[in-house]
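The next block holds one structure in the form of structure tokens; read it before the comments.
The values are calculated or read from the model by the stated rules, or taken from the named source; none is laboratory data. In this text, all values refer to a predicted model and were calculated from it rather than measured experimentally. Cβ atoms come from the backbone with ideal geometry, glycine included; neighbour counts cover every protein chain shown. For the accessible areas, the whole protein counts, side chains as well, though only heavy atoms, and no ligand, DNA or RNA atoms are used. Shrake-Rupley method; radii C 1.70, N 1.55, O 1.52, S 1.80 Å.
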Amino acid sequence: SNPYLIRRIEELNKTANGNVEAKVVCLFRRRDISGNLNTLADSNAREFEEESKQPQLSEQQKHQLKHRELFLSRQFESLPATHIRGKCNVTLLNETDVLAGYLEKEDCFFYSLVFDPVQKTLLADQGEIRVGSKYQAEIPDKLAEGESDTRVQEKLETKVWDPNNQLKDPQIDQFLVVARAVGTFARALDCSSSIRQPSLHMSAAAASRDITLFHAMDTLQKNNYDLAKAMSTLVPQGGPVLCRDEMEEWSASEAMLFEEALEKYGKDFNDIRQDFLPWKSLASVVQFYYMWKTTDRYIQQKRLKAAEADSKLKQVYIPTYLQVYHYYWGPPNSPQWYAWGPPNMQCRLCASCWIYWKKYGGLKTPTQLEGAARAGSVSPRGHMTRQEVQGMSPFTRNEGRAKLLAKNRQTFILQTTKLTRIARRVCEDILQPRRAARRPYASINANAVKAECMIRLPKATKTPVKSKLVPRQSLATIVKDLGKNAECDQRTEYEAVPNRKLNSSDVCRVTEVGLAGI
């Protein structure tokens, strides 16, 4: 009776007994999170609509869009492949999307926030695509014809290389070879580098990376492409200059931590740095990642993952009998109806609404029934929680529900005011008692009816309406009359059972029942 769960399949594994299990990532609906987080999601949705300048939506479209919104999580779980019922599309929301387009597509969802089931928090997805007006550069106005550019070019850009220099390509190549040799010698003199690169080949390979070439070309630019001055800059009086990149700055243990974090979080460098490498800067983590991708270690791991992927299942056969909803798809007047809602309401959903409920976890239009189900809850949500739906399910046991609904019966009297009794007659077209009787769960705005009644009443009548008071009998008289009636009933019974005698407790008991009836 509950809606379908939305899960993203990461991999399919075959168990020892031959069954297939799917390792999935959990995605949550609005009905699965608390009311405070729903309020936060609403504010995030309003900000998105204002920034992206979305077209105006109707109340029903806004109601249905909440059913299309999901929340990504880092929670994994395993479930049998036989639980799979169909395929849907979940995309990351960006500023260029039109929200109304999701309503036009079947089985289409979106997400923009990440839900943490443990901490009960909602955060923005760090992997958002930076598309939209706030990520675009501001293009200055074009210069008019004949107008000179008054900007200072030195403040706008930095010149790092002059292709029209006096050196020839062979001379530049020779200088780069000298720079690599100086880098190798500098690593041999450095104690920490000699430990990390114990062999000459490893030191030469480290000195041949881009950091050494960039330093050599910057040296030529700063010395105005004078080879003598540039070589003296490479080897100052204190010794050769050592330039190291992130691959040399990181230790082997830090590299192992990075690989473990990359396996867990993917390319989410903020989480990698926060949970595994807090002493490293974000720029350092990013630079190390792109250098790590050029190593043999990366190629080796890529081959291992490819081999594991080949050994795993690529697809699983879902029998047709599991997709029951295809058999009952039909118009609202179809003969197939499903029980939904509290049992005392006896609500029914047609096949079309039932499929919408199963897929999107809500009803197509906002109803008073959803508001009535949330009346006892503090949460101002526009949906029901899983516990509320399970309580509404027609398949749950009624023993526990009967215990909760059992209350002590007490006698009470509902006495209306004069204005209320007059308003029922004067504003009958607004009140619509027949319609209200068919919808007992819908609330009536009595204040609005009374206000309309005051307008419709003749203003000339200022004297209070006189009502005829009906004298009420005292309680002692009522008890006495009830006792006499009960005594007559008992005497009638004696004619059939002559051996039984009437006592005072019988009269008191019947009197209490009669009072409760009043």
Surface accessible to a 1.4 Å probe, Leu363 within the full protein complex, Å²: 20
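Please find the FRET efficiency linking Thr295 to Thr367, where r is the Cβ-Cβ separation and R0 is fixed at 51 Å, and quote it to the nearest 0.05. Write out the running numbers ahead of the final one.
Numbers: r = 60 Å, r/R0 = 1.17.
FRET efficiency, Thr295 to Thr367: 0.30.
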When the Karplus curve 6.51 cos²θ - 1.76 cosθ + 1.60 is applied with θ = phi - 60°, which whole-Hz ³J(HN,Hα) does each residue of the stretch 35-42 get, with x for Gly and Pro? x, 5, 6, 5, 5, 5, 5, 5
For Lys159, give me every one of the aspartates and glutamates with a C-alpha distance below 18 angstrom, ignoring sequence neighbours fewer than eight places off in its own chain. Asp218, Asp226
Taking Ser284, Ser253, Ser43 and ranking on accessible area (1.4 Å, protein atoms only), highest first, one gets Ser253, Ser43, Ser284
Suppose every K and R has +1 on its Cβ and every D and E has -1 on its Cβ; what is the size of the dipole of the stretch 100-246 about the Cα centre, in Debye to the nearest 20? 840
For His83, what accessible area in Å² do you get when you roll a 1.4 Å probe over the heavy atoms of the protein chains, rounding to the nearest 10? 110
Before I look further, what does the stretch 37-137 give for accessible area per residue, probe 1.4 Å, in whole square angstrom? 60
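How big is the convex hull of the Cα atoms of the stretch 229-303, per residue, in Å³?
122
Just by accessible area at a 1.4 angstrom probe, what is the order of Leu5, Leu349 from largest to smallest?
Heavy-atom accessible area, descending, gives Leu5, Leu349.
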Could you estimate the translational diffusion coefficient of the stretch 1-81 from the Stokes-Einstein equation, with Rh from the Kirkwood formula over C-alpha pairs, at 20 °C and 1.002 mPa s, in whole µm²/s? 141
Flagged as over-length at 23 Å C-alpha distance, from Lys264/Lys358; Lys23/Lys359; Lys23/Lys264, the pairs are Lys264/Lys358
Using label points projected 7 Å from each Cα along Cα→Cβ, tell me how many nm separate Val90 and Glu106, to one decimal. 2.1
What list of ³J(HN,Hα) couplings, whole Hz, do you get for the stretch 97-103 from phi and the Karplus terms 6.51, -1.76, 1.60, once you set θ to phi - 60° and write x for glycine and proline? 6, 9, 4, 5, x, 5, 6
Tell me, what is the FRET efficiency for Asn13 and Phe214 to the nearest 0.05, using R0 = 45 angstrom and their Cβ-Cβ distance as r? 0.45
Can you give me the solvent accessible area of Ile139 with a 1.4 Å probe, rounded to the nearest 10 Å²? 150
Using a probe radius of 1.4 Å on heavy atoms only, what accessible surface per residue do you get for the stretch 145-279? Whole Å² is fine. 66
Collect residues whose amide H, placed 1.01 Å from N in the peptide plane, falls under 5 Å from the amide H of Ile6; neighbours closer than 5 in sequence don't count. Leu27
Extension gain (nm, one decimal) between Gln75 and Val235, 0.36 nm per residue minus Cα-Cα: 52.1 nm
Once you sort the root eigenvalues of the Cα gyration tensor of the stretch 57-128 as a ≥ b ≥ c, which label holds: rounded (a/c under 1.5), prolate (a/b larger than b/c) or oblate (the other case)? oblate
